[in-house]
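The values are calculated or read from the model by the stated rules, or taken from the named source; none is laboratory data. Here the structure is a predicted model, which is why all the values come from computation and not from measurement. FYI the Cβ positions are ideal-geometry reconstructions off the backbone, even for glycines, and counts take in every protein chain you see. Areas reflect the complete protein model, heavy atoms only, side chains present, ligands, DNA and RNA absent. Shrake-Rupley method; radii C 1.70, N 1.55, O 1.52, S 1.80 Å.
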Amino acid sequence: MNKAINIGINENHREKIGDGLSRLLADTYTLYLQTHNFHWNVTGPFFQSLHTLFETHYTELAVAVDDIAERIRALGILSPGTYKEFAKLTSIKEVEGNISTEEMLERLVDSHETVVRTAREILPLAQEADDESSVSLISDRLVVHEKTAWMLRSHLQK
C-alpha cells in the first residue's frame, strides 16, 4: 500500500519544485562531466594548478548531485538519472573536441552562471511552498556556483 506523502507541502508544489530540482540536477551533472573532462584534458603552463582546481570542483559537484537527487526523492518525485534525461533537462552547452585552457575557463564560468540562473528560477517556487529544505539546498548551491564563477573568472583577467 502506497501511503500519500504528507510533509506539509502540497502535491502541486512538490511536483513543481521536483521539476525545477530535476533541471538543477541535470545542470549540475552536466557541469560535473564538463569539469571532469577539463580536468583530464587541460594543458599548458598552469596545468598542475588547474588540474587540481578542476578536481576540487568536480568532487564537490559529485556530492551536490547526490544531495539534489535525494531532495527530489524526499519530495516523492522520481529523480532523473540517465544521460538522455539530463540532456533533455540541462541548459548547459556541451563541449566537444579539444579546446584551449582559456576556452575551458570561459566555458566553466558560463556553465556555473547557468546553474546560478537555474537555481534562481527554482528558489521562488520553494519559498512560496515554505519548503525550507529545498530553499536551503538551492541557496547553498547559489553560494557555491557564484563563488566558483568568480574564482574562475579571475583566472581570465590579465
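What the table shows:
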quantity	calculated
Subset tally (residues that are over 23 Å from Lys147 (Cα atoms) and either of a type in the set (A, V, I, L, M) or not in a helix (DSSP H, G or I) (or both)) for segment 40-82	13
Identity of the residue in segment 78-99, over 15 Å from Ala26 (Cα atoms) and touching a residue at least 12 places away in the same chain (Cβ under 8 Å), that ends up surrounded by the fewest Cβ atoms within 10 Å (Cβ to Cβ)	Asn98
Among the candidates Gly81, Gly76, Gly44, residue that is under 21 Å from Thr101 (Cα atoms) and among the small types (Gly, Ala, Ser)	Gly44
Residue selected from segment 24-49 under the condition aliphatic (A, V, I, L, M) and open to solvent by less than 20 Å² (accessible area, probe 1.4 Å), by the criterion modelled with the lowest pLDDT	Val42
Residues that are more than 18 Å from Met151 (Cβ to Cβ) and touching a Leu at 6+ places or on another chain (Cβ under 7 Å), drawn from segment 95-119	Thr118
Members of segment 121-146 that are part of a loop (DSSP other than H, G, I, E, B) and open to solvent by 80 Å² or more (accessible area, probe 1.4 Å)	Asp130
Those residues of segment 147-158 which are surrounded by fewer than 21 Cβ atoms within 10 Å (Cβ to Cβ) and more than 18 Å from Ala62 (Cα to Cα), in sequence order	Trp150, Met151, Arg153, Ser154, His155, Leu156, Gln157, Lys158
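Per-residue answers, yes or no, for (1) under 26 Å from Ile17 (Cβ atoms); (2) of a type in the set (A, V, I, L, M); (3) in contact with a Leu (Cβ under 9 Å, 6 or more places away or on another chain); (4) at pLDDT below 95:
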{"site": "His51", "(1), (2), (3), (4)": "no, no, no, no"}
{"site": "Ala87", "(1), (2), (3), (4)": "yes, yes, no, no"}
{"site": "Ile122", "(1), (2), (3), (4)": "yes, yes, yes, no"}
{"site": "Thr148", "(1), (2), (3), (4)": "yes, no, yes, no"}
